[in-house]
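Where a number appears in this text, it was derived from the coordinates with a stated rule and is not lab data. Remember, predicted model here, so these are calculated numbers, not experimental data. Using ideal geometry, Cβ is built from the backbone for each residue, glycine included, and neighbour counts are taken over all protein chains shown.
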Protein chains: 2
Amino acid sequence: MTAEQKAYIAGFLDGDGCVMLQLVWRKDYVLGYQVRASVVFYQKTQHEHHLRWLKEQLGDGYIRKRGDGMSEYTIVGFAVVQRTLRLLLPHLRLKQKHAEIALRVIEKTPRQSGRASYTPRLLMELAEDVDRYFTLNYSKKRKNTAAVVRRFLQARQMVSP
Amino acid sequence: MTAEQKAYIAGFLDGDGCVMLQLVWRKDYVLGYQVRASVVFYQKTQHEHHLRWLKEQLGDGYIRKRGDGMSEYTIVGFAVVQRTLRLLLPHLRLKQKHAEIALRVIEKTPRQSGRASYTPRLLMELAEDVDRYFTLNYSKKRKNTAAVVRRFLQARQMVSP
């Protein structure tokens with residue numbers, strides 16, 4: 001990709017895309033919750049060709065029709081989101097802070113940091129980072145906050161009250 | 001502006017901006033209607049700094065708070081829209097066709113083409129171009145179509161039925 005293509009995609013992401021950090025409930029996880037990072041682009045399904053072009057440039061992710069006339073191109077997972085955000089970061093303006101925080105969170109996760117695995121303590125730290133991220137994001141109601149994760153871990157005596 | 005800045009702004013316009021051609025009623029105009037070209041960027045007022053940055057890059061236009069929490073940066077007028085679209089055209093993807101049609105319409109207008117002034121015939125030609133533009137734009141209901149302009153001009157015997 002040329003610098004101009006990266007700049008174009010960064011502009012498009014600033015205008016109509018989304019950098020997301022989420023706390024996701026996983027009933028089969030000992031720690032109950034997982035941190036998910038994603039980059040999402042939206043477009044009317046009739047312009048899905050534009051999402052295919054973006055995917056050709058960025059390489060990762062998948063496109064799905066939502067069924068309401070819109071299509072989504074989603075890049076999900078720490079390694080691929082890290083790669084994508086590092087490419088775009090020098091060109092982002094509106095969502096630069098979001099990308100920086102997402103990258104910082106990703107760098108703390110076990111696989112990306114070279115650590116063995118999640119601990120309750122690390123999950124709480126990441127959950128609090130995600131809360132801070134959403135403060136920046138002016139987000140609507142979220143169900144899974146750091147407080148929810150903490151209550152889950154406390155109930156199982158995995159973190160101290 | 002660097003090519004990267006132009007590419008970024010083109011990406012942002014593709015994501016969240018608008019290239020507009022409109023037929024505007026002017027009660028004091030002999031021909032009744034005027035063609036208006038504009039480029040508009042939107043942003044929450046709390047992020048108005050981004051619109052100011054765009055305006056610094058592009059030079060023309062003005063920013064206004066809409067009063068509903070949104071701000072708009074509008075570039076309106078043939079000469080400045082022509083200048084803006086020529087800068088961005090090589091980098092646009094989703095709105096490239098819109099920009100091309102808008103440029104073609106602008107090039108036909110009296111001042112930009114070096115012609116003396118509007119004639120009923122030229123206004124009808126431009127009005128039909130604007131209609132074609134809106135077919136491309138998948139636009140909602142428009143009040144002022146070429147048919148409306150034609151009826152106005154016919155009623156005043158400025159074009160033949």
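Just a few scattered comments:
- Computed over chain A, the per-residue total of -39500 (n - 2.57) for DSSP H runs of n ≥ 4 gives a 222 nm mean residue ellipticity of -15000 deg cm²/dmol, rounded to 500.
- Under DSSP loop assignment and at most 16 Cβ neighbours within 10 Å, longest chymotrypsin sites (Phe, Trp or Tyr not before Pro)-free interval of chain B: B:30-137
- Loop-located trypsin sites (Lys or Arg not before Pro) in the stretch B:59-116, at most 10 other Cβ atoms within 10 Å (DSSP): B:Arg66
- Lys, Arg +1 and Asp, Glu -1 on Cβ, resulting dipole of the stretch B:1-95 about Cα centre, debye, nearest 20: 200
- Label point at B:Thr145 placed 7 Å out along Cα→Cβ; residues across the stretch B:23-37 whose backbone nitrogen lies under 19 Å: B:23-25, B:33-36
- Charge dipole (debye, nearest 20) of the protein assembly as shown; +1 at Cβ of Lys and Arg, -1 at Cβ of Asp and Glu: 760
- Rounded tilt (10° steps) of A:48-58 against the dominant C-alpha axis of chain A: 70
- Label-point distances for B:Gln112 to the equivalent site in the other copies, using a point 7 angstrom along Cα→C-beta, read 4.6 nm when ranked shortest first.
- Test item: Cα-centred dipole of chain A, Lys/Arg +1 and Asp/Glu -1 on Cβ, debye: 540
- If you take all other residues with their beta carbon under 13 Å from the beta carbon of A:Leu58, and give Lys and Arg +1 and Asp and Glu -1, the sum is +3.
- Tilt relative to chain A, helix A:120-136 - C-alpha long axis, 0 to 90 degrees, to 10: 50
- Selected from B:Phe12, B:Val30, B:Gln96, residue furthest toward positive end of dipole (the stretch B:1-158; charges at beta carbon): B:Val30
- Exposure proxy order (Cβ contacts within 10 Å, fewest to most) of B:Ser71, B:Ser38: B:Ser38, B:Ser71
- Nearest-ten-degree value, helix A:3-16 long axis tilted from longest Cα axis of chain A: 70
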